[in-house]
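Worksheet: one structure, shown below.
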Amino acid sequence: MKELVIISGKGGTGKTSLTAAFAAFSENGVICDGDVDAADLHLLTAPVVKQQIDFNGGGIAVINPEKCIECGQCIELCRFEAISESFKVDGIACEGCGVCVDLCPEKAIDFPVKTCGQWFVSDTRFGPMVHARLGIAEENSGRLVALVRKEAKSLAEEIKADLLITDGPPGVGCPVIAAISGADALLIVTEPTVSGVHDLDRVMALAAHFKIPSMVCVNKFDLNPDQARIIEDIAKKRGSSVVGRIPFDPLFTKSMVCGQTVVEFDPDSYLTGLLKEIWNGVISSPELNRKKGVELTRMV
Amino acid sequence: MILSIASGKGGTGKTTVATNLAFSLGSGTQLIDCDVEEPNAHLFMDPDIHTTKPVAVPVPRIKEELCDYCKLCSEICRFNAIAVFGNTVLTFPELCHGCGGCMAVCPRDAIVETQREMGRLEEGTAGNIGFSRGILNVGEAMAPPVIKAVKSLDRNHSITIIDAPPGTSCPVITAIKGTDFVLMVTEPTPFGLHDLKLAVGAVKLLNIPYGLVINRSDIGTTAVHEYAKKEGLPVLMEIPFDRGIAEAYSKGELIAKAMPGWKEKFRQLYGRIEVVLGQRSKEK
């Protein structure tokens, strides 16, 4: 089984629309939404949830006023300014380090484990999907991303799937690191804008840091030819290749409004043909096939 | 007045709104780029940077000669950043949250803190506007310490505009916490609406007044407009889809500078924010 992770650095470049189109092309695949913070893939794949499991984060400090003698040691110890002068813990500021809990001389601080999200195993018209929802303002998004990927992988192995397609989060920080580590290959979706180029460079540096081979797809490539050329240069410099050039096309939004992938919404369109070509290129790429194992090219 | 610009979904136009608003308000305004994973505001503001400072977090260093391998440090650490195996203590600095627990609990004072650099801050000016940004080093996981550091720099302007990262988890919360108003930017698509609802949930949790900018307001559907109406979420500005705007953005140009009428529109946006805040304080 191979895993392809789709990321972008910059948000809103078209990761999820492309992931969904790939899901529609794939055979014997598993889909994973590795963006747990603002997950959108389910809006195109309409998963039917079969299994829902709570995700427990770390503990959060809660001061028991009956035991507290207001000695102030917790306030002094807390590096995150999460405890007020009136000995109330700000649940949002609390880092969950538990230092106050362990060092309170009166043992007056509880540390209940907080349920901070759910993850799901679902059925979709494209095959099984593993996804999650992190509670609003919660921490541990990297841990939840790592968990959904691990579960998606073991499901893919169990049902002898050939390919795991993971939609990743934007950025370069903890959720992205959790989404890409150990992946076979990355497809980075960017756009020819100064922001797209800047963020591509950083996310490619991250891929190189973790030694994961990557390919680049330029969305809205006709918007700015100069920036599109810079993207080609950056990809080349990093030993990567541009495997897709998609012109601006309102079909993406139109199909999204109908809750469909472009492939289903307009199967005969130029865009669907182009996406199929990109899919074929990615599936048969040396990046995704460098390790022996499954023969993916039959999905071409 | 501290104003933060946020959105659940990425790529909806946060940076466009933050940079154009800062430029349009001009003198007395300061822009802080808190999207430290992928900071972009400088590409539009072209600032002169006069100060660069490292952002470091405290991590433990073990004085082996004092350590008796009692394991109290690894027991208190909830982040698995310190482990004791027989007569060896291992630290994993990239997992450390800098809580200081290991140092506080060590009975032999065998742990001291050293600083580990994880990013940097830049301060400067863009014309008559104050500019600062935080940059997380590539390969580092934790954005909040860099966001906190850039927010704690001197703020000596009457209006501060914070460009926040996308999402609804800890980096966004760190960026918008303590601000007077959150301006949310979305697009009227199913993804935009879904993530806007999450972002509204986050802002409500912090109890900060908020308003909405709808970007590319004529694509997609009317569902975002209907949601805003139902929620009593004031729509303070709409930016239509326009190839000219998209091209200006792609080149790093400010539409308030390059296209007629927009400077005035962004100044009006600020006026509407003041009206919303005025109404809210009256209600109190």
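Let's see how each residue does on (1) within 17 Å of B:G192 (Cβ to Cβ); (2) under 17 Å from the mean Cα position of the chain (by Cα); (3) polar (S, T, N, Q):
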| residue | (1), (2), (3) |
| --- | --- |
| A:M1 | no, no, no |
| A:A20 | yes, yes, no |
| A:A23 | no, yes, no |
| A:V30 | no, yes, no |
| A:G34 | no, yes, no |
| A:T45 | no, yes, yes |
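If you check A:D222 against the conditions, is it more than 10 Å from chain B (Cβ to nearest Cβ), surrounded by fewer than 16 Cβ atoms within 10 Å (Cβ to Cβ) and in contact with a Pro (Cβ under 6 Å, 6 or more places away or on another chain)?
Numbers: more than 10 Å from chain B (Cβ to nearest Cβ): yes; surrounded by fewer than 16 Cβ atoms within 10 Å (Cβ to Cβ): yes; in contact with a Pro (Cβ under 6 Å, 6 or more places away or on another chain): yes.
Here the answer is yes, as A:D222 does meet what is asked.
When the residues of the range B:243-259 are narrowed to those that are of a type outside the set (F, W, Y) and at the interface with chain A (Cβ under 7 Å from one of its Cβ atoms), which ends up surrounded by the most Cβ atoms within 10 Å (Cβ to Cβ)?
If we filter the range B:243-259 for residues that are of a type outside the set (F, W, Y), which is where we start, we get B:243-248, B:250-259.
Applying the additional criterion that residues be at the interface with chain A (Cβ under 7 Å from one of its Cβ atoms) yields B:246-247, B:250-252.
On the way: B:A246: 16, B:E247: 14, B:S250: 22, B:K251: 16, B:G252: 19.
Looking at residues that are of a type outside the set (F, W, Y) and at the interface with chain A (Cβ under 7 Å from one of its Cβ atoms), I get B:S250.
Count, please, the residues in the range A:164-207 that happen to be under 16 Å from A:R229 (Cα atoms), within 9 Å of chain B (Cβ to nearest Cβ) and touching a Gly at 6+ places or on another chain (Cβ under 7 Å).
Total meeting the criteria: 2.
Specify the residue that is farthest from B:S158 (Cα to Cα); the eligible residues are those in the range B:174-194 that are assigned to a strand (DSSP E or B) and among the β-branched types (V, I, T). I'd like the intermediate steps shown before the answer.
So in the range B:174-194, the residues assigned to a strand (DSSP E or B) come out as B:181-186.
Those still in the list that are among the β-branched types (V, I, T) too: B:182, B:185-186.
Numbers: B:V182: 17, B:V185: 23, B:T186: 27 Å.
Filtering the range B:174-194 for residues that are assigned to a strand (DSSP E or B) and among the β-branched types (V, I, T), the one farthest from B:S158 (Cα to Cα) comes out as B:T186.
For the range B:72-143, which strands (runs of 3 or more DSSP E) that fit wholly inside it have 3 or more residues that are in contact (Cβ under 8 Å) with a residue 24 or more places away in the chain? Lay out the reasoning, then the answer.
Details: elements: B:82-85, B:88-91, B:111-126, B:129-136.
Because the criterion is at least 3 residues that are in contact (Cβ under 8 Å) with a residue 24 or more places away in the chain, the strands (runs of 3 or more DSSP E) in the range B:72-143 that meet it are B:111-126, B:129-136.
In this structure, does B:T168 turn out to be under 30 Å from A:D90 (Cα atoms), part of a helix (DSSP H, G or I) and of a type in the set (S, T, Y)?
Details: under 30 Å from A:D90 (Cα atoms): yes; part of a helix (DSSP H, G or I): no; of a type in the set (S, T, Y): yes.
Against the criterion (under 30 Å from A:D90 (Cα atoms), part of a helix (DSSP H, G or I) and of a type in the set (S, T, Y)), B:T168 does not qualify.
For the range B:34-55: of the residues being among the β-branched types (V, I, T) and within 14 Å of chain A (Cβ to nearest Cβ), which is surrounded by the most Cβ atoms within 10 Å (Cβ to Cβ)? Working first, answer last.
Initially, the range B:34-55 is screened for residues among the β-branched types (V, I, T), giving B:36, B:49, B:51-52, B:55.
Now restrict to residues that are within 14 Å of chain A (Cβ to nearest Cβ): B:36, B:55.
On the way: B:V36: 32, B:V55: 23.
This residue is B:V36.
Examine the range B:211-225 for a residue that is assigned to a helix (DSSP H, G or I), farther than 18 Å from B:T168 by Cβ and not aromatic (F, W, Y), and state whether such a residue exists. Spell out how you get there, then give the answer.
Restricting attention to the range B:211-225, the residues satisfying the condition of being assigned to a helix (DSSP H, G or I) are B:223-225.
Add one more test, that the residue is farther than 18 Å from B:T168 by Cβ, and what stays is B:223, B:225.
Then keep just the ones that are not aromatic (F, W, Y); that gives B:223, B:225.
Within the range B:211-225 (the criterion being assigned to a helix (DSSP H, G or I), farther than 18 Å from B:T168 by Cβ and not aromatic (F, W, Y)), the answer is yes, since at least one residue qualifies.
In this structure, is A:M215 closer than 27 Å to B:P166 by Cβ and within 14 Å of chain B (Cβ to nearest Cβ)? Reasoning before the result, please.
On the way: closer than 27 Å to B:P166 by Cβ: yes; within 14 Å of chain B (Cβ to nearest Cβ): no.
No: the conditions fail for A:M215.
Taking A:E70 as the residue in question, decide whether it is charged (D, E, K, R), more than 23 Å from A:L155 (Cβ to Cβ) and more than 14 Å from chain B (Cβ to nearest Cβ).
Yes, satisfied.
Hey, could you check the range B:144-171 for residues that are touching a Leu at 6+ places or on another chain (Cβ under 8 Å) and modelled with pLDDT under 95 and say which is nearest to B:V182 (Cα to Cα)? Talk me through it step by step, then tell me what you get.
Taking the range B:144-171 and keeping what is touching a Leu at 6+ places or on another chain (Cβ under 8 Å), we get B:146, B:149-150, B:153, B:159-163, B:168-169.
Filter again for modelled with pLDDT under 95, leaving B:153, B:168-169.
Details: B:L153: 20, B:T168: 13, B:S169: 15 Å.
Filtering first and then ranking leaves B:T168.
Among B:L196, B:L212, which is the only one that is more than 14 Å from every other protein chain (Cβ to nearest Cβ), closer than 28 Å to A:S17 by Cα and either in contact with a strand residue (DSSP E or B) (Cβ under 6 Å, 6 or more places away or on another chain) or of a type in the set (K, R) (or both)? Explain how you work it out, then say what you get.
Working: B:L196 fails: more than 14 Å from every other protein chain (Cβ to nearest Cβ).
Criteria check complete, one pass: B:L212.
Please determine, by comparing only the residues of the range B:264-274 that are touching a helix residue (DSSP H, G or I) at 6+ places or on another chain (Cβ under 9 Å) and either of a type in the set (V, I, T) or buried (at least 18 other Cβ atoms within 10 Å of the Cβ) (or both), which one is nearest to B:V213 (Cα to Cα).
B:L269
Among the residues in the range B:56-76, are any closer than 30 Å to A:S195 by Cβ and either more than 9 Å from every other protein chain (Cβ to nearest Cβ) or modelled with pLDDT under 95 (or both)? Lay out the reasoning, then the answer.
First pass over the range B:56-76, keeping only residues closer than 30 Å to A:S195 by Cβ: B:56-57.
So of that shortlist, the ones also either more than 9 Å from every other protein chain (Cβ to nearest Cβ) or modelled with pLDDT under 95 (or both) come out as B:56-57.
Yes, the range B:56-76 contains at least one residue that is closer than 30 Å to A:S195 by Cβ and either more than 9 Å from every other protein chain (Cβ to nearest Cβ) or modelled with pLDDT under 95 (or both).
Can you tell me which residue among A:V294, A:V218 is within 22 Å of A:G11 (Cα to Cα) and among the aliphatic types (A, V, I, L, M)?
Criteria check complete, one pass: A:V218.
Check whether at least one residue in the range A:39-51 is over 30 Å from A:V262 (Cα atoms) and at the interface with chain B (Cβ under 10 Å from one of its Cβ atoms), and report yes or no.
Step one: filter the range A:39-51 for residues over 30 Å from A:V262 (Cα atoms), giving none.
No, the conditions are met nowhere in the range A:39-51.
Yes or no, residue by residue, for (1) over 23 Å from A:C97 (Cα atoms); (2) of a type in the set (G, A, S); (3) assigned to a loop (DSSP other than H, G, I, E, B):
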residue	(1), (2), (3)
A:K50	yes, no, no
A:D54	no, no, no
A:E70	no, no, yes
A:F80	no, no, yes
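Take the residues in the range B:209-233 that are in contact (Cβ under 8 Å) with a residue 60 or more places away in the chain and under 22 Å from the mean Cα position of the chain (by Cα); name whichever of them is farthest from A:G135 (Cα to Cα). Give the derivation first.
Here is the first cut: in the range B:209-233, the residues in contact (Cβ under 8 Å) with a residue 60 or more places away in the chain are B:209, B:211, B:213, B:215-216.
Imposing the further condition that a residue be under 22 Å from the mean Cα position of the chain (by Cα) reduces the set to B:209, B:211, B:213, B:215.
Details: B:P209: 21, B:G211: 22, B:V213: 24, B:N215: 26 Å.
This residue is B:N215.
So is B:A149 in contact (Cβ under 8 Å) with a residue 40 or more places away in the chain, within 29 Å of B:P166 (Cβ to Cβ) and out of contact with any strand residue (DSSP E or B) (no Cβ under 7 Å at 6 or more places or on another chain) or not?
Values: in contact (Cβ under 8 Å) with a residue 40 or more places away in the chain: yes; within 29 Å of B:P166 (Cβ to Cβ): yes; out of contact with any strand residue (DSSP E or B) (no Cβ under 7 Å at 6 or more places or on another chain): no.
So B:A149 fails the test.
Could you count how many residues in the range A:242-285 are within 18 Å of B:P190 (Cα to Cα) and assigned to a loop (DSSP other than H, G, I, E, B)?
6
Hand me the list of helices (runs of 4 or more DSSP H) wholly inside the range A:87-188 holding 3 or more residues that are under 16 Å from the mean Cα position of the chain (by Cα) and at pLDDT 95 or above. Please lay out each step first, then the result.
Values: elements: A:99-103, A:141-158, A:174-180.
Passing ranges, in order: A:141-158, A:174-180.
With within 20 Å of B:G13 (Cα to Cα) and either of a type in the set (D, E, K, R) or more than 14 Å from chain A (Cβ to nearest Cβ) (or both) as the only criterion, which of B:I173, B:I129, B:I162 stands out?
On the way: B:I173 fails: either of a type in the set (D, E, K, R) or more than 14 Å from chain A (Cβ to nearest Cβ) (or both); B:I129 fails: within 20 Å of B:G13 (Cα to Cα).
Step by step, each of B:I173, B:I129, B:I162 is checked, and only B:I162 is within 20 Å of B:G13 (Cα to Cα) and either of a type in the set (D, E, K, R) or more than 14 Å from chain A (Cβ to nearest Cβ) (or both).
State yes or no: is B:S24 assigned to a strand (DSSP E or B), more than 13 Å from chain A (Cβ to nearest Cβ), under 30 Å from B:K257 (Cβ atoms) and in contact (Cβ under 8 Å) with a residue 40 or more places away in the chain?
Numbers: assigned to a strand (DSSP E or B): no; more than 13 Å from chain A (Cβ to nearest Cβ): yes; under 30 Å from B:K257 (Cβ atoms): yes; in contact (Cβ under 8 Å) with a residue 40 or more places away in the chain: yes.
Against the criterion (assigned to a strand (DSSP E or B), more than 13 Å from chain A (Cβ to nearest Cβ), under 30 Å from B:K257 (Cβ atoms) and in contact (Cβ under 8 Å) with a residue 40 or more places away in the chain), B:S24 does not qualify.
Could you grab the pairs with beta carbons closer than 7 Å, sequence gap of 6+ or different chains, first residue in the range A:101-120 and within 13 Å of chain B (Cβ to nearest Cβ), second one in a loop (DSSP other than H, G, I, E, B) and among the charged types (D, E, K, R)?
Matching pairs, first to second residue: A:C116/A:E138; A:G117/A:E138.
What number goes with the only condition from (1) of a type in the set (V, I, T); (2) surrounded by 20 or more Cβ atoms within 10 Å (Cβ to Cβ); (3) farther than 19 Å from A:E95 by Cα that A:I136 does not pass?
That leaves (3) as the condition not met.
The values are calculated or read from the model by the stated rules, or taken from the named source; none is laboratory data. Computed from a prediction, not measured in an experiment: that's the story for all the values here. Virtual Cβ from ideal backbone geometry, glycine too; neighbours counted across all protein chains shown.
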